[in-house]
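The values are calculated or read from the model by the stated rules, or taken from the named source; none is laboratory data. Because the structure is predicted, anything quoted here is derived from the model rather than measured. Ideal geometry is used to build each Cβ from the backbone, glycine not excepted, and the neighbour counts take in all protein chains shown. Accessible surface areas use protein heavy atoms only, side chains included; no ligands, DNA or RNA. Shrake-Rupley method; radii C 1.70, N 1.55, O 1.52, S 1.80 Å.
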Amino acid sequence: MLSRNLSKLVKYSLYGGVTVGSAVVALKYHDADYNSFAIVRLTRTACTAVDIGRTYKSMLYSKEWDKSSNEYLEVKSQAHQIGAEKLLKLCIANKGVYIKVGQHVGALDYLLPNEYVKTMRILHKDAPRNTVEELYEVIKEDLKKDPKELFEEFDLEPLGTASLAQVHRAKLKDGPEVAVKVQHHFVRKNTKIDLKWMEFIIKTMSRVFPEFQMQWLVEETKKNIAKELDFLQEGRNAEMVAELFKNYSWLKVPKIFWEYSTERVLVMEYVMGGQVNDVNYIDKHNISRSDLCTKLGDLYSHMIFVTGFVHSDPHPGNILVKKDPTDKDVTVFLLDHGLYAQLTEKFRYHYSKLWLSIIARDKDQIREHAEALGIQKDLYGLFACMVTGRPWDVIMKGIDKTKPSLTEKSTFQNELPNFLHHVTQCLEHVDRQALLVLKTNDLIRSIEYALGMQERMCGFMVMTKCCTKSIYQHEFKKATSLARKQFLNTKYVWSLFVLYIYGLYLSLRTKFNIYS
């Protein structure tokens with residue numbers, strides 16, 4: 001009784017303190033300053049955590065449920081939706097890191113409750129924006145010049161807004177059109193405290209709803225946020241990926257104007273095109289959907305399996321496509337290079353082996369390489385489903401023998417929440433490098449489904465070739481004898497020949513719609 005009353009006292013004291021304190025601050029400062037105060041942001045976070053906890057407690061834990069019943073599933077979905085909307089409201093109000101974490105949630109299409117994913121996805125398109133005056137202040141501070149001295153034109157409407165910055169089209173004095181990326185002025189001073197309190201709200205949610213284990217997400221954000229706040233590093237990443245893929249004539253990375261760039265301001269070549277999942281734009285400009293999907297599969301497979309230098313914020317807004325009437329080939333623009341991961345050789349080896357084991361339907365090998373990536377023995381099958389985005393029975397039939405379909409995708413997404421606790425176990429224990437790869441897999445799948453190309457499995461062959469190459473490079477590097485190296489060379493060439501023949505078979509099977 002005493003504990004319950006004390007809990008109520010703390011809760012209502014919290015609400016009262018927030019109300020009085022916020023009112024005093026609001027009277028003294030305008031809205032932008034008001035929202036930047038730690039007390040306002042922290043108490044808003046605490047109140048949201050309490051509200052979400054109360055929602056789950058009242059809806060799901062106030063009585064005993066038959067957890068297999070339709071009534072329970074419906075109420076659970078409603079609780080998820082209410083919790084997701086409260087979390088979205090918090091992210092929009094507090095901005096910055098909160099938006100970043102919300103965007104991560106919105107990108108995990110197959111791995112989190114659908115209500116959270118769909119609700120948070122709005123943050124990819126409609127992140128809160130700053131005024132041009134606020135951006136000008138950052139530019140003045142960093143470049144030591146008035147923006148009017150630097151730019152002949154500067155569009156008031158942003159090309160895009162994100163969690164940490166927003167981008168505007170501009171024209172340099174006596175120079176070309178450029179895209180100017182300016183960091184939100186409030187981000188740096190709030191980052192550390194925001195991460196601590198975002199961690200608090202996620203821990204609170206995990207206590208009241210044990211299936212909601214998202215600590216790994218905060219840990220990843222903590223690890224990466226410093227890199228994303230340095231726009232000079234973003235410029236270096238852009239130049240590195242341009243160099244790595246310079247032989248890809250269809251891939252373009254915007255040029256960096258270093259003399260106008262700082263840690264908080266990045267000036268880049270201005271490029272135009274349609275978003276990669278904009279079907280109307282793609283069809284209007286006679287862009288081959290299957291060719292586009294194949295190119296993207298090629299690019300990201302080489303990043304993951306071969307170079308190990310992987311674009312870490314894969315979502316459709318960061319990939320533009322363009323094809324003029326006189327062009328023979330589509331041009332793909334890769335944008336936003338703020339965060340890259342350098343995958344280790346060991347990770348790439350085991351992940352490549354895992355993929356080939358899945359293709360071969362070898363349970364023992366799937367288990368072995370899943371364990372090498374940190375997955376518990378009894379969860380290897382679920383992890384294989386998470387990696388491929390396909391049900392276990394389809395994996396056992398052969399993912400190359402059964403066409404993905406909208407029905408299969410719907411079934412997969414509907415069934416996965418029933419295993420949410422095990423999914424979060426996988427995410428908590430898996431090698432952290434795999435989290436990025438899972439996001440990338442989801443990107444490619446979502447684009448294929450948006451373009452209606454899922455049945456073509458456009459990237460399947462190139463991904464298999466990249467897995468084979470990654471394994472060959474790793475084993476060749478470890479080989480100590482000339483005979484062993486020669487054997488590996490012969491094995492690799494033979495594997496490529498077999499894949500070539502198999503690729504012809506798949507092409508004929510697709511052409512004549514022959515599936516088992």
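The table below gives the values:
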| read-out | value |
| --- | --- |
| From 332, 394, 423, residue being among the β-branched types (Val, Ile, Thr), crowded, with 17+ Cβ neighbours inside 10 Å and more than 27 Å from residue 113 (Cα to Cα) | 332 |
| Enumeration of residues in the stretch 223-235 that are within 19 Å of residue 101 (Cβ to Cβ) and open to solvent by less than 30 Å² (accessible area, probe 1.4 Å) | 224, 225, 228, 229 |
| Residue selected from the stretch 335-350 under the condition over 17 Å from residue 239 (Cβ atoms) and of a type outside the set (A, V, I, L, M), by the criterion least open to solvent (accessible area, probe 1.4 Å) | 347 |
| Residue pairs meeting the criteria (Cβ under 6 Å; at least 6 apart or on separate chains; first at positive phi, in the stretch 291-314; second modelled with pLDDT of 90 or more and open to solvent by less than 20 Å² (accessible area, probe 1.4 Å)) | 308/343 |
| Helices (runs of 4 or more DSSP H) contained in the stretch 73-174 and holding at least 2 residues surrounded by 21 or more Cβ atoms within 10 Å (Cβ to Cβ) and of a type in the set (Asp, Glu) | none |
| Some residue of the stretch 297-311 being over 28 Å from residue 398 (Cβ atoms) and surrounded by 22 or more Cβ atoms within 10 Å (Cβ to Cβ) | yes |
| Yes/no for residue 51 being modelled with pLDDT of 85 or more and either assigned to a helix (DSSP H, G or I) or out of contact with any Cys (no Cβ under 8 Å at 6 or more places or on another chain) (or both) | yes |
| Any chance residue 238 is crowded, with 21+ Cβ neighbours inside 10 Å and in a helix (DSSP H, G or I) | yes |
| Pairs where the first residue, in the stretch 132-156, is closer than 17 Å to residue 258 by Cα and the second is hydroxyl-bearing (Ser, Thr, Tyr), C-beta under 7 Å, 6+ apart | 142/262; 143/260; 143/262; 147/136; 150/260 |
